[in-house]
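Here is the structure we will look at.
The values are calculated or read from the model by the stated rules, or taken from the named source; none is laboratory data. It should be emphasised that the depicted structure is a prediction, and the values quoted were computed from it without experimental measurement. Neighbour counts run over all protein chains shown; Cβ positions are idealised from the backbone, glycine included. Please note that ligands, DNA and RNA were not included when accessible areas were found on the heavy atoms of the full protein model with its side chains. Shrake-Rupley method; radii C 1.70, N 1.55, O 1.52, S 1.80 Å.
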Amino acid sequence: EADIYQTPRYLVIGTGKKITLECSQTMGHDKMYWYQQDPGMELHLIHYSYGVNSTEKGDLSSESTVSRIRTEHFPLTLESARPSHTSQYLCASSGQGISYTFGSGTRLTVV
Amino acid sequence: SQQGEEDPQALSIQEGENATMNCSYKTSINNLQWYRQNSGRGLVHLILIRSNEREKHSGRLRVTLDTSKKSSSLLITASRAADTASYFCATDAGGNQFYFGTGTSLTVIP
(Lines give C-alpha, C1' and ligand atoms only; values in the text may rest on other atoms or scores of the structure.)
Protein backbone atom coordinates (compact mmCIF):
# COMPACT_ATOMS: atom_id res chain seq x y z
CA GLU A 1 0.00 0.00 0.00
CA ALA A 2 0.98 3.67 -0.31
CA ASP A 3 3.86 5.09 1.73
CA ILE A 4 1.96 8.24 2.53
CA TYR A 5 0.31 8.63 5.88
CA GLN A 6 -2.42 10.91 7.08
CA THR A 7 -3.44 11.43 10.67
CA PRO A 8 -5.92 11.47 12.18
CA ARG A 9 -8.23 9.27 10.11
CA TYR A 10 -11.31 10.78 11.72
CA LEU A 11 -11.69 14.02 13.65
CA VAL A 12 -14.75 15.58 15.27
CA ILE A 13 -14.08 19.02 16.62
CA GLY A 14 -15.99 22.05 17.86
CA THR A 15 -16.40 25.31 15.98
CA GLY A 16 -13.58 27.78 16.51
CA LYS A 17 -10.90 25.23 17.32
CA LYS A 18 -7.53 25.23 15.63
CA ILE A 19 -6.63 21.95 13.95
CA THR A 20 -3.72 20.52 12.01
CA LEU A 21 -4.08 17.60 9.64
CA GLU A 22 -0.84 15.70 9.24
CA CYS A 23 0.55 14.24 6.03
CA SER A 24 3.89 12.47 5.71
CA GLN A 25 5.47 10.48 2.90
CA THR A 26 8.55 8.28 2.92
CA MET A 27 9.13 8.19 -0.83
CA GLY A 28 11.21 11.36 -1.14
CA HIS A 29 8.64 12.91 -3.47
CA ASP A 30 9.12 16.60 -4.21
CA LYS A 31 5.50 17.38 -5.08
CA MET A 32 2.73 17.17 -2.52
CA TYR A 33 -0.95 18.11 -2.69
CA TRP A 34 -4.02 18.58 -0.55
CA TYR A 35 -7.46 17.85 -1.97
CA GLN A 36 -10.86 18.43 -0.44
CA GLN A 37 -13.43 15.86 -1.41
CA ASP A 38 -17.13 16.68 -1.31
CA PRO A 39 -19.74 14.17 -0.16
CA GLY A 40 -20.65 13.85 -3.84
CA MET A 41 -17.08 12.64 -4.50
CA GLU A 42 -15.65 15.53 -6.56
CA LEU A 43 -12.05 16.38 -5.63
CA HIS A 44 -10.87 19.97 -5.40
CA LEU A 45 -7.21 20.99 -5.17
CA ILE A 46 -6.74 23.38 -2.25
CA HIS A 47 -2.94 23.50 -1.80
CA TYR A 48 0.19 22.14 -3.43
CA SER A 49 3.93 22.24 -3.00
CA TYR A 50 6.75 21.51 -5.45
CA GLY A 51 9.42 21.33 -2.79
CA VAL A 52 10.69 22.61 0.54
CA ASN A 53 9.59 26.18 1.29
CA SER A 54 7.31 26.16 -1.78
CA THR A 55 3.54 26.30 -1.31
CA GLU A 56 0.74 27.45 -3.60
CA LYS A 57 -3.01 27.74 -3.37
CA GLY A 58 -5.08 25.51 -5.56
CA ASP A 59 -8.20 26.17 -7.55
CA LEU A 60 -10.61 25.94 -4.64
CA SER A 61 -10.44 28.82 -2.20
CA SER A 62 -9.70 27.54 1.26
CA GLU A 63 -9.26 29.15 4.65
CA SER A 64 -6.61 26.60 5.49
CA THR A 65 -2.85 27.12 5.34
CA VAL A 66 0.02 24.72 4.68
CA SER A 67 3.75 24.57 5.28
CA ARG A 68 6.59 22.57 3.75
CA ILE A 69 9.62 22.77 6.00
CA ARG A 70 10.72 19.21 5.28
CA THR A 71 10.37 17.21 2.08
CA GLU A 72 8.43 14.43 3.77
CA HIS A 73 5.97 16.55 5.75
CA PHE A 74 3.08 18.71 4.46
CA PRO A 75 0.66 19.63 7.27
CA LEU A 76 -2.58 21.53 6.72
CA THR A 77 -3.87 23.91 9.40
CA LEU A 78 -7.27 25.45 10.02
CA GLU A 79 -6.94 28.34 12.46
CA SER A 80 -10.63 28.42 13.35
CA ALA A 81 -12.72 25.47 12.26
CA ARG A 82 -16.29 26.01 11.03
CA PRO A 83 -19.07 23.58 10.07
CA SER A 84 -18.46 24.51 6.40
CA HIS A 85 -15.02 22.87 6.74
CA THR A 86 -16.63 19.49 7.28
CA SER A 87 -15.25 17.30 4.50
CA GLN A 88 -12.76 14.61 3.61
CA TYR A 89 -9.20 15.87 3.13
CA LEU A 90 -6.85 13.83 0.93
CA CYS A 91 -3.10 14.28 0.76
CA ALA A 92 -1.11 13.08 -2.26
CA SER A 93 2.45 13.14 -3.52
CA SER A 94 4.27 12.57 -6.78
CA GLY A 95 7.91 12.15 -7.70
CA GLN A 96 9.62 11.72 -11.04
CA GLY A 97 6.73 9.67 -12.31
CA ILE A 98 3.44 11.14 -13.35
CA SER A 99 0.97 9.33 -11.11
CA TYR A 100 -0.08 10.42 -7.66
CA THR A 101 0.13 8.38 -4.48
CA PHE A 102 -2.69 9.19 -2.08
CA GLY A 103 -3.01 8.84 1.66
CA SER A 104 -6.10 7.28 3.21
CA GLY A 105 -7.59 10.66 4.03
CA THR A 106 -8.84 12.52 7.09
CA ARG A 107 -12.58 12.81 7.55
CA LEU A 108 -13.21 16.04 9.41
CA THR A 109 -16.48 16.94 11.09
CA VAL A 110 -16.89 20.35 12.68
CA VAL A 111 -19.84 20.62 15.05
CA SER B 1 -12.76 24.39 -15.35
CA GLN B 2 -10.70 21.57 -16.80
CA GLN B 3 -12.31 19.00 -14.56
CA GLY B 4 -13.66 16.02 -16.32
CA GLU B 5 -17.00 14.42 -15.93
CA GLU B 6 -17.59 10.73 -15.54
CA ASP B 7 -20.62 9.03 -16.88
CA PRO B 8 -22.63 7.35 -15.49
CA GLN B 9 -22.59 8.73 -11.95
CA ALA B 10 -23.50 5.32 -10.61
CA LEU B 11 -23.47 1.84 -12.10
CA SER B 12 -24.70 -1.44 -10.65
CA ILE B 13 -23.93 -4.77 -12.34
CA GLN B 14 -23.84 -8.48 -11.61
CA GLU B 15 -20.58 -10.22 -10.88
CA GLY B 16 -19.03 -11.51 -14.10
CA GLU B 17 -20.45 -8.75 -16.28
CA ASN B 18 -18.36 -6.03 -17.85
CA ALA B 19 -18.44 -2.47 -16.52
CA THR B 20 -17.86 0.53 -18.74
CA MET B 21 -17.48 4.09 -17.52
CA ASN B 22 -16.73 7.19 -19.53
CA CYS B 23 -14.85 10.40 -18.92
CA SER B 24 -15.13 13.63 -20.87
CA TYR B 25 -12.80 16.60 -20.46
CA LYS B 26 -12.57 20.10 -21.82
CA THR B 27 -9.02 21.03 -22.85
CA SER B 28 -6.10 19.40 -24.63
CA ILE B 29 -4.16 17.01 -22.43
CA ASN B 30 -0.76 15.35 -22.17
CA ASN B 31 -2.12 12.23 -20.54
CA LEU B 32 -5.15 10.82 -18.78
CA GLN B 33 -5.19 8.52 -15.79
CA TRP B 34 -7.77 6.42 -14.03
CA TYR B 35 -7.90 6.03 -10.27
CA ARG B 36 -9.95 3.86 -7.97
CA GLN B 37 -11.26 4.82 -4.52
CA ASN B 38 -12.63 2.34 -2.03
CA SER B 39 -15.16 3.75 0.40
CA GLY B 40 -13.56 6.07 2.93
CA ARG B 41 -10.04 5.60 1.54
CA GLY B 42 -7.61 7.46 -0.69
CA LEU B 43 -7.32 7.04 -4.44
CA VAL B 44 -5.18 4.35 -6.03
CA HIS B 45 -3.64 4.75 -9.47
CA LEU B 46 -4.85 2.18 -12.00
CA ILE B 47 -3.59 3.08 -15.45
CA LEU B 48 -2.20 5.95 -17.51
CA ILE B 49 -2.75 6.61 -21.20
CA ARG B 50 -0.80 9.23 -23.09
CA SER B 51 -2.33 11.60 -25.59
CA ASN B 52 -0.65 9.79 -28.51
CA GLU B 53 -2.09 6.42 -27.45
CA ARG B 54 -5.56 5.17 -28.34
CA GLU B 55 -5.88 2.06 -26.22
CA LYS B 56 -4.14 0.46 -23.28
CA HIS B 57 -4.61 -2.74 -21.32
CA SER B 58 -3.70 -3.78 -17.81
CA GLY B 59 -5.04 -7.09 -16.58
CA ARG B 60 -8.86 -6.86 -16.69
CA LEU B 61 -8.73 -3.13 -17.42
CA ARG B 62 -8.97 -1.63 -20.88
CA VAL B 63 -8.71 2.12 -21.42
CA THR B 64 -9.41 3.98 -24.62
CA LEU B 65 -8.72 7.61 -25.44
CA ASP B 66 -10.27 9.70 -28.19
CA THR B 67 -8.59 13.09 -28.18
CA SER B 68 -10.78 14.38 -31.01
CA LYS B 69 -13.85 13.86 -28.83
CA LYS B 70 -11.99 14.67 -25.60
CA SER B 71 -13.20 11.48 -24.02
CA SER B 72 -11.90 8.28 -22.47
CA SER B 73 -13.50 5.05 -21.37
CA LEU B 74 -12.54 2.47 -18.76
CA LEU B 75 -13.72 -1.09 -19.25
CA ILE B 76 -13.47 -3.62 -16.43
CA THR B 77 -14.03 -7.13 -17.76
CA ALA B 78 -15.41 -10.07 -15.78
CA SER B 79 -16.19 -7.86 -12.79
CA ARG B 80 -15.84 -9.09 -9.22
CA ALA B 81 -17.45 -7.95 -5.99
CA ALA B 82 -14.04 -6.59 -4.98
CA ASP B 83 -14.22 -4.15 -7.90
CA THR B 84 -16.92 -2.24 -6.03
CA ALA B 85 -15.48 1.26 -5.66
CA SER B 86 -15.57 4.74 -7.15
CA TYR B 87 -13.56 5.36 -10.29
CA PHE B 88 -12.10 8.72 -11.29
CA CYS B 89 -10.39 9.99 -14.39
CA ALA B 90 -7.67 12.62 -14.02
CA THR B 91 -6.27 14.78 -16.78
CA ASP B 92 -2.87 16.42 -17.03
CA ALA B 93 -2.78 19.51 -19.22
CA GLY B 94 0.88 20.17 -18.54
CA GLY B 95 0.61 22.36 -15.48
CA ASN B 96 1.91 19.71 -13.07
CA GLN B 97 -1.58 19.41 -11.64
CA PHE B 98 -4.18 16.81 -12.29
CA TYR B 99 -7.84 17.64 -12.65
CA PHE B 100 -10.09 14.92 -11.35
CA GLY B 101 -13.50 14.08 -12.68
CA THR B 102 -16.66 13.69 -10.67
CA GLY B 103 -16.36 9.93 -10.35
CA THR B 104 -18.46 6.86 -11.17
CA SER B 105 -19.67 4.75 -8.28
CA LEU B 106 -19.56 1.07 -9.31
CA THR B 107 -21.38 -1.63 -7.38
CA VAL B 108 -20.77 -5.25 -8.34
CA ILE B 109 -23.43 -7.55 -6.95
CA PRO B 110 -22.22 -11.06 -6.00
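Computed over the range A:1-104, the Cα gyration tensor eigenvalues convert (square root of 5λ each) into semi-axes of 22, 14, 13 Å, ordered from largest to smallest.
Taking the convex hull of the alpha carbon positions in chain B and averaging its projected area over all directions gives 6.4 nm². In this Cβ point-charge picture (+1 for Lys and Arg, -1 for Asp and Glu), chain A has a dipole of about 320 debye about its Cα centre. Taking other residues whose beta carbon is less than 14 angstrom from the beta carbon of A:Tyr50, and scoring Lys, Arg as +1 and Asp, Glu as -1, yields +1.
Placing a pseudo-label 7 Å from each Cα along the Cα-to-Cβ vector at B:Asn38 and A:Thr26 gives an inter-label distance of 1.9 nm. When you restrict to C-alpha pairs under 8 Å that are six or more residues apart and normalise by the size of chain B, the relative contact order lands at 39 percent.
Residues of the range A:72-108 whose accessible area (probe 1.4 Å, heavy atoms of protein chains only) drops by at least 40 Å² once all protein chains are present, relative to their chain alone: A:Ile98, A:Ser99, A:Tyr100, A:Phe102, A:Ser104. The Cα atoms of the protein assembly as shown cover 48, 36, 31 Å along the three principal axes, with the biggest extent listed first. Dividing the mean sequence gap of close Cα pairs (under 8 Å, 6+ apart) by how many residues chain A holds gives a relative contact order of 37 percent.
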